[in-house]
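Enquirer: Below is the structure I would like to discuss, written out as structure tokens.
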Amino acid sequence: MRKVLLIIGAVSILALVLVLALVTGKILSRSEGPQTTNTSSSSYETQQQKITFLQHYVVCPSPVLATEFHIQYWNNSGGGVPGPSEWDIRFAVKVPLQSISNWTKDFHPVHPNVINSGWWADLPLTANIWTRHSVPKYYQRPDSKTYQVVYEDEGIIFKRVSTL
């Protein structure tokens, strides 16, 4: 009888160790959120492909008619020791004129000197839809590294969202 109890105890301990190993492995290897990427919109042929990709990384508060971007995103939720993700997302969107206020909600106007406007220089803005003539307005989300340069008359918004 004693041997049976020892065998049952050993099997129970082995089963518990196996369950813990499976659960721990599942937890440590779980990756949530967008995937790590370093992608430019020039990788895509159509505006629809570009918009779809952008929307995996950015919540767009209105329809987007066109976009160009450079998205750098590091998903650090997987691996042995998960950590917070990091990103530097720079993009331009063309939106319906009536939806500009959806984009500037929760942002505060700032002086142009607050924003280094050179961050969009490498975006492929060659199409005529990116032509700008109006005077831009500059915005920052309070307590963050999120900036926007808005050309209201053209419905063009340059935005940078960064944790770096």
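Enquirer: Short version: ³J(HN,Hα) in whole Hz for each residue of the range 41-58, in order, from phi by Karplus 6.51 cos²θ - 1.76 cosθ + 1.60 (θ = phi - 60°), x for Gly and Pro, what are they?
Expert: 4, 5, 6, 10, 8, 10, 4, 4, 4, 5, 4, 4, 5, 4, 5, 6, 10, 9
Enquirer: Using modelled amide H (1.01 Å from N, peptide plane; none on Pro or chain starts), what sits under 5 Å from the amide H of S85, excluding residues fewer than 5 places away?
Expert: N76
Enquirer: Right, here's the next one. For the range 80-94, what does the Karplus curve 6.51 cos²θ - 1.76 cosθ + 1.60, with θ = phi - 60°, yield as ³J(HN,Hα) per residue in whole Hz, taken in order and with x for Gly and Pro?
Expert: Result, rounded to whole Hz: x, 10, x, x, x, 6, 10, 7, 9, 10, 10, 8, 10, 10, 9.
Enquirer: Could you pull the Cα extents of the range 62-164 along its three principal axes, largest to smallest, in whole Å?
Expert: So the three principal-axis extents are 50, 29, 25 Å.
Enquirer: Grab the beta carbon distance between N76 and V114, set R0 = 30 Å, and tell me the FRET efficiency rounded to 0.05. Walk me through the numbers on the way to the answer.
Expert: On the way: r = 29 Å, r/R0 = 0.96.
So, using R0 = 30 Å, E works out to roughly 0.55.
Enquirer: Follow-up. Rank-order 56-67, 72-83, 106-117, 149-160 by packing density, defined as the average count of other C-beta atoms within 10 Å over each peptide's residues, highest first.
Expert: Numbers: 56-67: 15.9, 72-83: 13.8, 106-117: 12.2, 149-160: 20.3.
Peptide ranking by packing, descending: 149-160, 56-67, 72-83, 106-117.
Enquirer: Further, regarding this structure: On full extension of the chain, what length is gained from T131 through H56, given 0.36 nm per residue of separation minus the C-alpha to C-alpha distance?
Expert: Values: separation 75, 0.36 × 75 = 27.00 nm, distance 2.63 nm.
Here the answer is 24.4 nm.
Enquirer: In whole Hz and in residue order, list the ³J(HN,Hα) couplings for the range 140-154 that follow from phi through the Karplus curve 6.51 cos²θ - 1.76 cosθ + 1.60, θ = phi - 60°; x for Gly and Pro.
Expert: 9, 6, x, 6, 8, 9, 10, 10, 9, 10, 10, 9, 4, 5, 9
Enquirer: Please give the length that would be gained between S144 and K105 if that part of the chain were fully extended, namely 0.36 nm times their separation in residues minus their C-alpha to C-alpha distance (nm, one decimal).
Expert: On the way: separation 39, 0.36 × 39 = 14.04 nm, distance 1.44 nm.
The span from S144 to K105 would gain 12.6 nm if fully extended.
Throughout, read-outs are computed from the coordinates displayed, never taken from laboratory work. Keep in mind the model is a prediction, meaning the values are calculated, not measured. No Cβ is skipped: glycine too gets one built from the backbone with ideal geometry, and neighbour counts run over all protein chains shown.
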